[in-house]
1. Kindly establish whether Gly114 is open to solvent by 60 Å² or more (accessible area, probe 1.4 Å) and either touching a residue at least 60 places away in the same chain (Cβ under 8 Å) or out of contact with any Ser or Thr (no Cβ under 7 Å at 6 or more places or on another chain) (or both).
2. Can you find, within segment 56-75, the residue that is nearest to Arg208 (Cα to Cα) among those that are part of a helix (DSSP H, G or I) and among the aliphatic types (A, V, I, L, M)?
3. Could you list, in sequence order, the residues of segment 132-147 that are in a loop (DSSP other than H, G, I, E, B) and within 22 Å of Ala86 (Cβ to Cβ)?
4. If I ask for residues that are surrounded by 13 or more Cβ atoms within 10 Å (Cβ to Cβ) and among the hydrophobic types (A, V, I, L, M, F, W, C), which ones from segment 81-111 would you list?
5. Just for segment 76-106: of the residues that are part of a helix (DSSP H, G or I) and closer than 19 Å to Ala160 by Cβ, which one is modelled with the lowest pLDDT?
6. Out of all the residues in segment 149-163, is one or more open to solvent by 20 Å² or more (accessible area, probe 1.4 Å) and among the charged types (D, E, K, R)?
7. So Ser198 clears everything in (1) closer than 30 Å to Pro45 by Cα; (2) buried (at least 17 other Cβ atoms within 10 Å of the Cβ); (3) not aromatic (Phe, Trp, Tyr) except one condition, right? Which one?
8. Can you tell me which condition Thr117 does not meet? The list is (1) within 30 Å of Glu52 (Cβ to Cβ); (2) assigned to a strand (DSSP E or B), and all the others hold.
Amino acid sequence: MNVEKEKIFQRIREGLAMPSPWPGHHGQEHAHPIASAEAVSHWLPLVGGSFEERVGLFASSSEKLRSAFHLLENEAAARAKLAEVAMAEGWTRVAAHGDGTYCGSTHAMVSALGINTLWTDTGYDVREMEKCDAGISECDALVAQTGSVVVTSRSAGGRALSVLPPHHVVLARREQLLADLPDAFALLQRKYAKGYPSFMSFITGPSRTGDIERILVLGAHGPKKLTILCW
């Protein structure tokens, strides 16, 4: 090993040996470990207690994140909005997952589009998914606090569906709108404690990067568009 490599490893060893403060504690004294979700709640944006306040915060966050959020009256209105988006963008092929909590409803909504559909419930060719104009999935929850969509391999059909197509459309119900991140993690624990999915993710807006000259580019590492239909 050359001298320069040894210097680098020595600095790493020194850094690992030094205690670091927990988030939110920037003094010299080492803070105590976080004991509960309540202990970190004061660091996060406040969320109102009513459904209307949660919707307002989620809508505001979505606008800032450049997501398209639509709160609709019922399933029929959501089906009409999905068809409207499909027609406006000229979709000819979509990928969808119809084996979630509301699988019957999702199958009906996507089938009503009359578009060639690649269903991910069974085996499929990833190369065919790359040709799809949009990926349509359910979710586990929406998080008002951050404008995030919570998905897992069971609710949203694996990793590829929410990443490969250029437009990800999420179908959600009003009861899935949660207040904050602690609520979302608690939901995942209640729902999957006996067998966690292989994939769990918080999607906060469409894919983006600002690596090159700090210029924001959407769709660099995933979907360029994120649309959320909630009813």
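1. So Gly114 passes the test.
2. Ranking the qualifying residues of segment 56-75, first place goes to Leu65.
3. Pass one, segment 132-147, residues in a loop (DSSP other than H, G, I, E, B): 132-133, 138-140, 144-147.
Answer for segment 132-147, where residues must be in a loop (DSSP other than H, G, I, E, B) and within 22 Å of Ala86 (Cβ to Cβ): Cys132, Asp133, Glu138, Cys139.
4. Within segment 81-111, Leu82, Ala83, Val85, Ala86, Trp91, Val94, Ala95, Ala96, Cys103, Ala108, Met109, Val110 qualify.
5. Start the filter on segment 76-106 by keeping residues that are part of a helix (DSSP H, G or I), which leaves 76-89, 103-106.
From the residues that got through so far, the ones that are closer than 19 Å to Ala160 by Cβ too are 103, 106.
On the way: Cys103: 65, Thr106: 90.
Checking each candidate, the answer is Cys103.
6. Yes, that holds for at least one residue.
7. (2)
8. All conditions pass for Thr117, except number (1).
The values are calculated or read from the model by the stated rules, or taken from the named source; none is laboratory data. Note that the structure is a prediction, hence the values are computed from the model and not measured. Positions of Cβ are generated from backbone atoms using ideal geometry, with glycine treated the same way; all protein chains shown enter the neighbour counts. We work out accessible area using only protein heavy atoms, side chains counted, and drop any ligands, DNA or RNA first. Shrake-Rupley method; radii C 1.70, N 1.55, O 1.52, S 1.80 Å.
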